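The values are calculated or read from the model by the stated rules, or taken from the named source; none is laboratory data. In this text, all values refer to a predicted model and were calculated from it rather than measured experimentally. Positions of Cβ are backbone-derived with ideal geometry, glycine not excepted, and every protein chain shown enters the neighbour counts.
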Amino acid sequence: MNATTRPRLPATLAARGRPEFADTLKRELAALPVDRLPLTQALRQGSHVLDQPIGVRLIGADADQLRLRVGIFFASLIAGCNCADDPSPVEPLPEYCELLVEIDADSAEAIVSLLPD
């Protein structure tokens, strides 16, 4: 992701240090289009990230809650040739990855990086 495609998380930034922080982060990340997150690089079963709602779990945060480790549950599909005899499964496949989300305290822009397995 380059600077022009960084998602903004203003509600999460505003909730920093408050009890609703984790829920706000989950809601704001889940509302992003899946192509705004580095999910394609995290594929393990499928070959295409489905444009479906994702699940978000906060795993950890630093003291000021601007560097966050999150788990992302999403779905993929094996993109076949759509031929009648194509044996590729057509059911969504469950996927999971962990991301590092670093939120800029001034702009609320987030740098989102895939964490290694």
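What to note about this one:
- Qualifying residue in the stretch 6-13 (condition: among the β-branched types (Val, Ile, Thr), within 16 Å of Val112 (Cβ to Cβ), part of a helix (DSSP H, G or I) and touching a helix residue (DSSP H, G or I) at 6+ places or on another chain (Cβ under 9 Å)): yes
- The one condition from (1) surrounded by fewer than 16 Cβ atoms within 10 Å (Cβ to Cβ); (2) under 12 Å from the mean Cα position of the chain (by Cα); (3) under 17 Å from Ile111 (Cβ atoms) that Pro10 does not meet is (2).
- Filter result for Arg16 (under 23 Å from Glu95 (Cβ atoms), touching a residue at least 40 places away in the same chain (Cβ under 8 Å), in contact with an Asp or Glu (Cβ under 8 Å, 6 or more places away or on another chain) and not in a helix (DSSP H, G or I)): no
- Qualifying residues in the stretch 95-109 (those that are touching a helix residue (DSSP H, G or I) at 6+ places or on another chain (Cβ under 8 Å) and surrounded by 14 or more Cβ atoms within 10 Å (Cβ to Cβ)) - the one nearest to Ala61 (Cα to Cα): Val101
- Wholly within the stretch 25-117, strands (runs of 3 or more DSSP E) carrying at least 3 residues that are of a type in the set (Asp, Glu) and at pLDDT 95 or above: 93-103
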